[in-house]
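Data block below; observations after.
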Amino acid sequence: MLFRRTIGAALVASAVLAAAALIKELEKENKEDEDEVRFIHIDDDAKPKEENVAPEILEIAKLYPYLDKGFIAEQFSRNEVFNNEYPENTLVTISHKAKFKDAWTMQEYIKIVEENGYKSEALSETENIITKKMFTTDGAILSDIYNVANQVACVKGTYEGYKID
């Protein structure tokens, strides 16, 4: 009888040790799985379409973060026309129209642009035209459009366009 109890106890101890070893091995495998690098496949439809955007547009977008890349590209395509129509050292007056959600925002915008050499004309409490005279150089008109449109967007206004005289 003592012999059976000893063998029974040895079998139980062996089973416990085997179970402990199995649990330890499973924990080790789980730990290795946690450390494993897993790649997630992203559908092409879910990726940003920046590969369709010209590198120069992406560079400009870094300088003017509040502007839509479509707007940047549209204006960029006009640069050659600007350069041909207004050759270097031509004196031009460029006017920009903007609209704001309230009078206070427009007043803050006016302070900023007047500090940067623009003249301001209020069309209403929330609409404004700013103008600036400048001598053209390659890209000067385009740069002015981007600068003003970016500032308008920064203060949550709507850039409505420009006119060059």
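Quick notes on this structure:
- Scanning the stretch 90-112 for residues that are part of a helix (DSSP H, G or I) and more than 16 Å from Y162 (Cβ to Cβ) turns up A103, W104, T105, M106, Q107, E108, I110, K111, I112.
- Those residues of the stretch 113-165 which are in a helix (DSSP H, G or I), in contact with a Lys or Arg (Cβ under 8 Å, 6 or more places away or on another chain) and acidic (D, E), in sequence order: D144
- For the stretch 86-135, a residue qualifies if it is in contact with a strand residue (DSSP E or B) (Cβ under 8 Å, 6 or more places away or on another chain), over 14 Å from V152 (Cα atoms) and of a type in the set (G, A, S), and the qualifying residues are G117, A122.
- From the options E59, E121, residue that is surrounded by 12 or more Cβ atoms within 10 Å (Cβ to Cβ), of a type outside the set (S, T, N, Q), free of Cβ contacts under 8 Å to residues at least 12 places away in the same chain and on the phi < 0 side of the Ramachandran plot: E121
Every number here is computed from the coordinates shown, using simple stated rules; none is lab data. None of the values given here were measured: they were computed from a predicted structure. Virtual Cβ from ideal backbone geometry, glycine too; neighbours counted across all protein chains shown.
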